[in-house]
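Trainee: Input: one structure, supplied below.
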Amino acid sequence: MKVTVSRKAHFNAAHRLFNPAWSADKNEEVFGKCNNPEFHGHNYELIVSVKGEIDSRTGYVMDMKVLKDLIKDTIEDRFDHKNLNTQTEEFKSLNPTAENIAVVIFDLLRPHLNETLDLKITLYETPRNYVEYEG
Ligand code: NI
């Protein structure tokens, strides 16, 4: 019997979407407002879901305090109030779309979780647009 537990987190970050292999016109056509050379911000809402068996000793799938601290130390401290393109190693040469951010977050968290647990990342870039990644 597997149960999913989730923790909501949040960070604000700036980005610019562009492909350096393309012309300015092509980037404008594909990425529109998100191609603004002066960057722009989003309020990212992150949901980290962990699925696994209930530990009979604790009644927990995972201690939520541990998950909360892991997300803060690994994700929020790294990305909150940062310009993703210019201030993070992860997006120096990776387009910081919601899709790529979700994959990067998954890859940062995965090594810290017990391998018996399944991980799923849900990332809202706007209240209406979100992406999901589970490896
Ligand atoms: Ni954007």
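Trainee: Would it be correct to say that I75 is in a helix (DSSP H, G or I), touching a strand residue (DSSP E or B) at 6+ places or on another chain (Cβ under 7 Å) and not basic (K, R)?
Mentor: Against the criterion (in a helix (DSSP H, G or I), touching a strand residue (DSSP E or B) at 6+ places or on another chain (Cβ under 7 Å) and not basic (K, R)), I75 qualifies.
Trainee: On the basis of being more than 19 Å from the chain's Cα centre (by Cα), of a type in the set (D, E, K, R) and farther than 15 Å from A98 by Cα, does D69 make the cut?
Mentor: No, not satisfied.
Trainee: Next up: Report, ordered by the first and then the second residue, all pairs with beta carbons closer than 7 Å, sequence separation of six or more or different chains, a first member in the range 32-53 that is within 18 Å of D77 (Cβ to Cβ), and a second member that is aromatic (F, W, Y) and within 13 Å of the ligand (Cβ to nearest atom).
Mentor: Pairs that qualify, where the first residue is within 18 Å of D77 (Cβ to Cβ) and the partner is aromatic (F, W, Y) and within 13 Å of the ligand (Cβ to nearest atom), are Y44/Y124; E45/Y124.
Trainee: Would you please name the residue that is surrounded by the most Cβ atoms within 10 Å (Cβ to Cβ), looking only at residues in the range 20-48 that are under 28 Å from R110 (Cα atoms) and within 16 Å of the ligand (Cβ to nearest atom)?
Mentor: It comes out as Y44.
Trainee: Which of the residues spanning the range 74-94 are in contact with a Pro (Cβ under 9 Å, 6 or more places away or on another chain) and touching a residue at least 60 places away in the same chain (Cβ under 8 Å)?
Mentor: L84, N85
Trainee: Read through the list (1) under 23 Å from F31 (Cβ atoms); (2) surrounded by fewer than 17 Cβ atoms within 10 Å (Cβ to Cβ), then give the number of the only condition that A102 fails.
Mentor: (2) is the only condition that A102 fails.
Trainee: Checking L108 against (1) surrounded by fewer than 14 Cβ atoms within 10 Å (Cβ to Cβ); (2) more than 16 Å from the ligand (Cβ to nearest atom): exactly one of these is not met. Which one?
Mentor: All conditions are met except number (1).
Trainee: Filter the range 7-19 for residues that are within 17 Å of K92 (Cα to Cα) and within 14 Å of the ligand (Cβ to nearest atom); which is nearest to the chain's Cα centre (by Cα)?
Mentor: Let us first name the residues in the range 7-19 that are within 17 Å of K92 (Cα to Cα), namely 13-19.
Of the ones still in play, those that are also within 14 Å of the ligand (Cβ to nearest atom) are 13-18.
Values: A13: 11, A14: 13, H15: 13, R16: 16, L17: 16, F18: 19 Å.
Here the answer is A13.
Yes/no per residue for (1) at pLDDT below 95; (2) more than 16 Å from L123 (Cα to Cα):
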position	(1), (2)
M1	yes, yes
N19	no, yes
N27	no, yes
I75	no, no
Q87	no, yes
E90	no, yes
V104	no, no
H112	no, yes
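Trainee: Is it the case that the range 49-58 has a residue that's assigned to a strand (DSSP E or B), of a type in the set (A, V, I, L, M, F, W, C) and at pLDDT 95 or above?
Mentor: Taking every residue of the range 49-58 in turn, at least one turns out to be assigned to a strand (DSSP E or B), of a type in the set (A, V, I, L, M, F, W, C) and at pLDDT 95 or above.
The values are calculated or read from the model by the stated rules, or taken from the named source; none is laboratory data. All values derive from a computational prediction rather than experimental measurement. Methodologically, a virtual Cβ is constructed for each residue, glycine included, from the backbone with ideal geometry; neighbour enumeration extends over all protein chains shown.
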